Amino acid sequence: MYGLARPLLFCLDAERAHTLGMAALEAAYRTGLNPLLAVRPKPLLTKAFGIEFPNPVGCAAGLDKNGAHIDALMALGFGFVEIGTVTPRPQEGNPKPRMFRLPEHEAIINRLGFNNLGVDALVRNVERSKREGILGINIGKNKDTPNEKAVDDYIHCLERVYDLADYITVNISSPNTQGLRDLQNEDALRKFVHELRTAQEDLASVRGHRVPMLVKIAPDLSEAELDGIAEVFNAARIDGVIAGNTTVERSMLGSHPLAAQVGGLSGKPLYEKSTTTLRRLRLRLDDSIPIIGVGGISSGADAVGKVSAGAQLVQIYTGFIYHGPQLIGECVTALRRRKEGVA
């Protein structure tokens, strides 16, 4: 069914197609037609940061920024769904056009800029949903909040979503909010993570339950930067890491006419770079800190590659756009075969 719809969607502007595609997914769910899109995979129980996931293949943040399609996505068979990135106040994001497909590379370049309806709207959507699955919520800062006060935005969102999320992701790695990646610098990161961990433990004490907090990092990090980041995460005993976000590198695109577009590149060309970052990070992190591997997964073999590099869980987004919901089951099957030692 998705194979029939994709050519029509790809005739449209990428952002418009995304909106229509999500609306169609929601309609299929509400009319009971979602089994035509994907067969839910058999469970492959996987435990990470104190949570048992029905399978290790998740939906990455960005596909459902406002949490408007949680139940429809969960019904496709994802082991977990991460919504957001959400900011304290609504913001339109960067000027359009700001999303570009590169079908020859199975890639997307976006410079959306945390466009979302704000955390209060997301909370309302989550409260209305059935949430029959594991839900992650990805939080960020508003564009006009200076980095010196960024932690206030993150703590505001942390407090608002705390009781609704199974885990919370702190996004400091999008290339589309000016200066955001500076929060990954070791000195800034140490103070930032300390304040967030303090807020997390305070909330756990007051609310009576502890929600894991992960940090999402960029794939564009040097060995020295990874050394510093890992040192901070190990010292803070962070619950988990997502490696990684989109990349600003374009060398893998050659002379493609869209290569000069500003923004983050996702999809197949990102796979090797993001997996290398994941592998290097795994060597530096304490074994008790799980990693979610994301970036360029477009096949079951790619998902296996992420786990072989050190990930406990994986997430898909751009591969989902190009290959459709059947990619979920393909990845789960490949990971099951790996676990069972089947070649």
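Just one of (1) more than 22 Å from Lys268 (Cα to Cα); (2) assigned to a helix (DSSP H, G or I) fails for Gly67. It is (2).
Residue under question is Asp163, and the condition is that it be charged (D, E, K, R) and in contact with a Pro (Cβ under 7 Å, 6 or more places away or on another chain); does it hold? Reasoning before the result, please.
Numbers: charged (D, E, K, R): yes; in contact with a Pro (Cβ under 7 Å, 6 or more places away or on another chain): no.
Against the criterion (charged (D, E, K, R) and in contact with a Pro (Cβ under 7 Å, 6 or more places away or on another chain)), Asp163 does not qualify.
Restricted to the stretch 185-294, the set of helices (runs of 4 or more DSSP H) holding at least 1 residues that are acidic (Asp, Glu) and closer than 25 Å to Ile83 by Cβ comprises 186-207. Residues that are free of Cβ contacts under 8 Å to residues at least 12 places away in the same chain and either among the hydrophobic types (A, V, I, L, M, F, W, C) or touching a helix residue (DSSP H, G or I) at 6+ places or on another chain (Cβ under 9 Å) (or both) do occur in the stretch 44-54, at least one of them.
Filtered by the rule that a residue be buried (at least 19 other Cβ atoms within 10 Å of the Cβ), small (Gly, Ala, Ser) and either without any contact (Cβ under 8 Å) to a residue 24 or more places away in the chain or not in a strand (DSSP E or B) (or both), the stretch 102-120 gives a lone residue, Gly113.
For the stretch 295-343, which helices (runs of 4 or more DSSP H) that fit wholly inside it have 1 or more residues that are out of contact with any Gly (no Cβ under 8 Å at 6 or more places or on another chain), surrounded by 19 or more Cβ atoms within 10 Å (Cβ to Cβ) and not aliphatic (A, V, I, L, M)? So that I can check it myself, show each step before the final result.
Values: elements: 300-308, 318-323, 326-340.
So the answer is 300-308, 318-323.
The requirement of being closer than 23 Å to Val294 by Cβ and of a type outside the set (Asp, Glu) is satisfied by Leu180. Ser251 meets each of the listed conditions (1) under 20 Å from Ser174 (Cα atoms); (2) at pLDDT 95 or above; (3) surrounded by 15 or more Cβ atoms within 10 Å (Cβ to Cβ); (4) not charged (D, E, K, R) apart from (3). Within the stretch 122-142, the set of residues being among the small types (Gly, Ala, Ser), over 14 Å from Thr87 (Cα atoms) and in contact with a helix residue (DSSP H, G or I) (Cβ under 9 Å, 6 or more places away or on another chain) comprises Ser129, Gly133.
The values are calculated or read from the model by the stated rules, or taken from the named source; none is laboratory data. On a predicted model such as this, the values are computed, not experimentally measured, just so you know. Methodologically, a virtual Cβ is constructed for each residue, glycine included, from the backbone with ideal geometry; neighbour enumeration extends over all protein chains shown.
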